[in-house]
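The values are calculated or read from the model by the stated rules, or taken from the named source; none is laboratory data. The shown structure was predicted, so the numbers you read here are calculated from the model rather than taken from an experiment. Here Cβ is always computed from backbone atoms with ideal geometry, including for glycine, and neighbour counts include all displayed protein chains.
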Amino acid sequence: MKLRYVMGAATLALGLMACSHKEEAASESKPAAASAPIQAQPDAGKLESVDSAATGIGASPAEAVEEALKLAIKQVNGASFDLASEQVKATLSVAAGKDAGQLSAHAFAEYVAQESGGVVTGFKLVKMEEPGLLSKSYKASIEAKIAKFVQPASAGKLKIVVGPVYIDRESFKLAGIAVPAEQVAREIHQQTLDALANTGRFSVLDRELGDDVQQELDMISSGQTPSAERSKISQALSADLIWTGHLTAFDYDKKQARWNLSQRVIHVANRQVQLSNMLSGDAGKQGDGSADAIRRGMEGQIVDRIVGAILVRTFPVTVASRTGNNVILSQGGQSVREGARYKLVSLGQEVKDPQTGQSLGRAEFDCCEVVVDKVMPTMSQGHLENVKMPLEQIPPGGLQLRELAPPAAAAKAESSAPAASGKKAAGKKHKPAAGMFDADKDKW
């Protein structure tokens, strides 16, 4: 009987061991959770701790430490940081009534971090100098870690504010229906803001939700949020450029759409007008001919032209890379249109006004045309046609996009017109002389 029990126990033990081995093997065969793709978080800025060393002078050790803390916070967050808030005042007064020995203790460093609510995340009293023959004040040298708000990467881009679209009338007539002009202006404004943001070239600043933004900042300043959040105050960005437009025509009659818009781009710092021109279009029939379809089509065409004009002036589209006649353009999105044909120029030497010394830009040489085959969010693909100069001598970035070129059929008709004057003129083709661009090679 005992032998039977021993055999049963041994069998059970072997079974349990086998199960444990299977479980271990199964756990080893499971893919690691870390292998799952990690989604990038939107960059909205972040709070981080910055090392700061400072020296303060006071009538007592506590006052010297308080002054050093003030200086450490200002060094990291600037003079605009709110030191008058109750929470920050409490942080700065943590040293009150303590002697040099207490201020040097590790417990005091922990107390500072606790009482500051995140403003000061680390503290160390490096040195305390007592009053001497010449100086009647205490001198405290400290090292601290101070909370700082770091702007998102997009803050380094060119900052632009989309101003209002002005109108002179109450309504526009589309297919016999009166459409409120204010609605059209508002939609063009919003679409322009969206399109500029989607180019990835600008930080587009909002000026319409000021009350809502101020409400959030008031929550921080009133102490309803952690004290470290105070470093977000006084971080508002000012614009580099302001765009504004004036819509003077927006009509559709007899299956033909017509619009006119004047626009300006103003440099905020010096009030100079960087761009001022009149845009106009003849949109033809739009959609199903209804007032809504016409309005949407015309608004889309206007926004495309606005964004294109701004980009050409501020961030000209360039040929980023080339393989034979296939090219990659440096911008996509709203910058170019798929299937469109554009002129390309090669850049030469910079030209300056001999009287004022102001740069007039760089010399331009007609190079070729590019037909856009595919538009992506950040770049575009295309191919070159009608090449007029050796491409091998032009470095990457040396070709810039200009205005729309005439369609291939129209260009061919124009070029064939002089041929009617005689076969001799038509048969003679212009070939660039060998090395004719060598003199300007170092300028491109």
(request) Search segment 127-145 for residues being buried (at least 16 other Cβ atoms within 10 Å of the Cβ) and among the polar types (S, T, N, Q), and hand back the single one that is farthest from the chain's Cα centre (by Cα). (result) SER137
(request) Identify the residue in segment 342-356 that is part of a strand (DSSP E or B) and of a type in the set (Ser, Thr, Tyr) and, among all such residues, is surrounded by the fewest Cβ atoms within 10 Å (Cβ to Cβ). (result) TYR342
(message) Given the criteria at pLDDT below 85 and either part of a loop (DSSP other than H, G, I, E, B) or within 26 Å of the chain's Cα centre (by Cα) (or both), does ARG305 qualify?
(response) no
(request) State the number of residues belonging to segment 291-329 that are under 20 Å from MET389 (Cβ atoms), polar (S, T, N, Q) and touching a residue at least 60 places away in the same chain (Cβ under 8 Å). (result) 3
(message) Under 8 Å between Cβ atoms, which residue pairs at least 6 apart in sequence (or on different chains) link something in segment 52-78 that is without any contact (Cβ under 8 Å) to a residue 60 or more places away in the chain with a partner that is part of a helix (DSSP H, G or I) and surrounded by 17 or more Cβ atoms within 10 Å (Cβ to Cβ)?
(response) ALA62/LEU103; GLU66/LEU92; LYS70/LEU92
(message) Condition first: under 21 Å from VAL307 (Cβ atoms) and not aliphatic (A, V, I, L, M). Now tell me which residues in segment 163-184 satisfy that.
(response) GLY163, PRO164, TYR166, GLN183
(message) Can you tell me which of (1) surrounded by fewer than 20 Cβ atoms within 10 Å (Cβ to Cβ); (2) assigned to a strand (DSSP E or B) is the one ARG337 doesn't meet?
(response) (2)
(message) Against the condition of a type in the set (Val, Ile, Thr), surrounded by 13 or more Cβ atoms within 10 Å (Cβ to Cβ) and assigned to a helix (DSSP H, G or I), how does VAL372 come out, does it pass?
(response) no
